[in-house]
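Note sheet for the following structure.
The values are calculated or read from the model by the stated rules, or taken from the named source; none is laboratory data. Keep in mind the model is a prediction, meaning the values are calculated, not measured. Because the Cβ atoms are built from the backbone with ideal geometry, glycine has one as well, and the counts that use them run over all protein chains shown. Ligands, DNA and RNA are stripped out before the accessible areas are found, and what is left, the full protein with its side chains, is counted by its heavy atoms. Shrake-Rupley method; radii C 1.70, N 1.55, O 1.52, S 1.80 Å.
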Amino acid sequence: MKLLRYVTGDETYTGVLNGDEILRLGLRNITELMLADAAFVETGIIDKLADARVLPPLRPGKILAIGRNYAEHARELDNEAPSEPLVFAVLPSAVIGHGDVIEWEADITAQVDWEGELAVVIGERARKVSVAEALDYVFGYTIANDVSARDLQTRDKQWTRAKGLDTFCPLGPVVVTADEIPDPQNLSIVTKVDDEVKQKGSTADMIFSVRFLIAHLSRAFTLNPGDVILTGTPAGVGKARKPPQFLGDGSVVSIEIEGIGKLTNRCRVI
Ligand code: MG
């Protein structure tokens with residue numbers, strides 16, 4: 001099931017995407033569905049995707065992200081492959097949806113980079129869970145762009161601004177429920193900028209698997225329904241290119257993950 005949040009007319013709805021149609025649900029948000037199966041109520045109303053403005057699929061309570069989780073990507077930035085997951089947080093206020101604009105001020109950063117990533121949506125409270133059971137806590141999967149201001153990342157020495165600026169965490173367009181993705185370690189992931197392929201990877205190449213990451217994170221934090229984990233990006237980021245390439249005013253970034261869909265955002269320098 002592909003779940004999304006959207007606006008049609010002046011109202012916000014949650015629905016199930018089916019081709020170019022949306023089956024409207026009687027739900028305020030997707031998190032409600034995580035808390036009670038009984039919350040799934042069909043209204044019988046069909047909306048057209050073409051008439052809908054897609055919103056972020058959810059508002060995460062927290063976003064935990066993993067750096068350097070693909071060996072090839074660690075290498076391209078001259079970093080060693082980590083021996084344990086490199087964990088950081090992204091501010092939930094950075095989240096935007098499919099079709100929204102990634103924007104930044106020219107005097108804050110001039111090195112804005114793309115990072116296409118598989119995002120895991122937690123569906124059940126998880127604290128100190130085992131690797132074997134970790135996937136039982138997953139509600140579904142979506143796509144993230146872990147947009148990164150490389151100059152701030154270097155200068156600040158930690159990543160709160162670099163990855164947490166407003167609009168720097170596009171998520172969506174849908175959350176695909178976990179039953180449709182029994183193996184999250186076998187998905188192709190392709191990032192394009194202005195229709196040119198920049199990243200072409202597979203989640204099979206993660207250093208730390210989704211189930212390992214959930215178990216690891218749950219030892220440090222209580223994971224709650226609606227929390228999101230960004231699992232790291234494959235090789236092919238702009239900073240590693242020779243010469244380096246960055247996003248600019250009007251750039252269009254799209255990230256496609258097998259079985260989930262395509263997340264597209266335009267950039268604007270303000
Ligand atoms: Mg990242």
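Of the residues that make up region 262-269, is at least one touching a Phe, Trp or Tyr at 6+ places or on another chain (Cβ under 9 Å), over 23 Å from G61 (Cβ atoms) and not in a strand (DSSP E or B)? No, region 262-269 has no match at all. Collect the residues in region 78-97 that are of a type in the set (A, V, I, L, M), part of a loop (DSSP other than H, G, I, E, B) and open to solvent by less than 40 Å² (accessible area, probe 1.4 Å), keeping them in residue-number order. If the condition is that a residue be of a type in the set (A, V, I, L, M), part of a loop (DSSP other than H, G, I, E, B) and open to solvent by less than 40 Å² (accessible area, probe 1.4 Å), then no residue fits. Against the definition (more than 15 Å from the ligand (Cβ to nearest atom), open to solvent by 20 Å² or more (accessible area, probe 1.4 Å) and in contact (Cβ under 8 Å) with a residue 40 or more places away in the chain), how does F208 come out, yes or no? Spelling it out, it is not the case that F208 is more than 15 Å from the ligand (Cβ to nearest atom), open to solvent by 20 Å² or more (accessible area, probe 1.4 Å) and in contact (Cβ under 8 Å) with a residue 40 or more places away in the chain.
Listed here are the residues, each with its yes/no results for (1) open to solvent by less than 30 Å² (accessible area, probe 1.4 Å); (2) away from the ligand (no atom under 15 Å from the Cβ); (3) within 13 Å of L118 (Cα to Cα); (4) in contact with a helix residue (DSSP H, G or I) (Cβ under 7 Å, 6 or more places away or on another chain).
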{"position": "V197", "(1), (2), (3), (4)": "no, yes, no, no"}
{"position": "A204", "(1), (2), (3), (4)": "no, yes, yes, no"}
{"position": "L213", "(1), (2), (3), (4)": "yes, no, yes, no"}
{"position": "A220", "(1), (2), (3), (4)": "no, yes, no, no"}
{"position": "L223", "(1), (2), (3), (4)": "yes, yes, no, yes"}
{"position": "L230", "(1), (2), (3), (4)": "yes, no, yes, no"}
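Could you grab me the full set of residues in region 41-63 that are within 20 Å of V120 (Cβ to Cβ) and touching an Asp or Glu at 6+ places or on another chain (Cβ under 7 Å)? Scanning region 41-63 gives P60, G61, K62. Please indicate, with yes or no, whether at least one residue in region 68-90 is touching a Gly at 6+ places or on another chain (Cβ under 9 Å), modelled with pLDDT of 90 or more and within 21 Å of V176 (Cα to Cα). No: zero hits. Looking only at residues of region 249-263 that are open to solvent by 20 Å² or more (accessible area, probe 1.4 Å) and touching a residue at least 24 places away in the same chain (Cβ under 8 Å), we find that the one that is farthest from A106 (Cα to Cα) is G259. Among the residues of region 98-108, those identified as open to solvent by 50 Å² or more (accessible area, probe 1.4 Å) and within 20 Å of the chain's Cα centre (by Cα) are H98, G99, E103. Total residues in region 94-125 satisfying the condition of being away from the ligand (no atom under 16 Å from the Cβ) and under 13 Å from V228 (Cβ atoms): the figure is 3.
Of the residues that sit in region 46-74 and are β-branched (V, I, T) and closer than 18 Å to I229 by Cα, which one is nearest to the ligand (Cβ to nearest atom)?
Going through region 46-74, the residues β-branched (V, I, T) turn out to be 46, 54, 63, 66.
Still in the running and closer than 18 Å to I229 by Cα: 63, 66.
Numbers: I63: 11, I66: 7 Å.
By that ranking, first place goes to I66.
Scanning region 14-52 for residues that are assigned to a helix (DSSP H, G or I), open to solvent by less than 70 Å² (accessible area, probe 1.4 Å) and not acidic (D, E) gives I30, T31, L33, M34, A39, L49. No other residue among R68, R75, R53 is charged (D, E, K, R) and at positive phi apart from R68.
Among the residues making up region 227-246, a single one is touching a Phe, Trp or Tyr at 6+ places or on another chain (Cβ under 8 Å) and on the phi > 0 side of the Ramachandran plot: G232.
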